[in-house]
Amino acid sequence: MARIRSIKPEFFTSLAIADQPLSARLTFIGLWTYVDDNGVGLADPRLIRAAIWPLEEAPDILQRTREDLQSLHAGGLITLYEASGKQLVAVTNWAEHQKVSHPRKPRYPRPEEVDHTPADLDSCNPPKTSGNPPEDLQSPRETLRPEQGSGSREQGAGKEEDAEPPASAENPIRHDVERVCKHLADVVAQGGGKKPTITKTWRRDTRLLIDRDGVTPDQAIAAIDWAHNDPFWQAHILSPGKLRAKYETLRRQALARQRGQRPAGPPTAPSDIPKEEIPDVLQFG
């Protein structure tokens, strides 16, 4: 049952919110009416789609809802997790978003109250041809505070449980994936940051970028180089998950600059592109 919620003016000036695609921003607001008074609800994309987008007739609306949830999760605005055998979604810093009068008794625990594991959205609608859902969900990120507009400079410093299992016949090394991950880690370190650890999450997100999104390793590397020559994007493209979420935006901005157009994007971005960067623009554009 939908609930009446409020929205603060700071929502529209939050950098963490602005970093999300437009559809994800609307999905985020819609989630506030979907979750209970404790900020938690079932993480079934079909239920969320029915609650938030009931009149949307686009054939890909369910997939876009999944992608919005993943983007919000990667940005730290929500947490997708499993607890007590249920796939759940929790709005981060719920008490800062909503002041609920006479809240009802919580139906589900919040992620900080339990030892949880990442949720698997595809388990809610598994493919008919496989008993194992594809890996397309990122691990929980560092918590953000959207109203303050603080971003997370996640660099993939993985926890022990995020370590990649040893290579085997069932889990062979993907040299194309390793190439992109190593390049991004090196570029981040060259920019003055601590060199990130290449984790299971990094490899998974890179596999999805290549296999699902159709981005070649050369295109991914060119996009990394272009982003890290930009004073705005170099502070944001610090992991394959963020690269995957923003690849299309980077591509459009690169092409716009190449054509001498003013790109749609942050005002901090430079207005032109050096000639020596044009081959990279063409390569990933």
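Under Stokes-Einstein, with the Kirkwood radius over Cα pairs standing in for Rh, what whole-number D in µm²/s applies to the stretch 32-79 at 37 °C and 0.692 mPa s?
Details: Rh = 11.3 Å.
Here the translational diffusion coefficient equals 291 µm²/s.
Kirkwood hydrodynamic radius of the stretch 1-101 from all distinct Cα pairs, in Å?
Numbers: mean 1/r = 0.0725 Å⁻¹.
Result for the stretch 1-101, one decimal place: 13.8 Å.
Just for the Cα atoms in the stretch 184-227, what are the lengths along the principal axes, largest first, rounded to whole Å?
31, 24, 11
Measure of size requested: the Rg and Dmax of the stretch 1-56, with Cα atoms as the atom set and Å as the unit; please supply both.
11.8, 30
Computed from the coordinates by the stated procedures, all read-outs in this text should not be read as laboratory data. Quantities reported herein were computed from a predicted structural model and do not represent experimental measurements.
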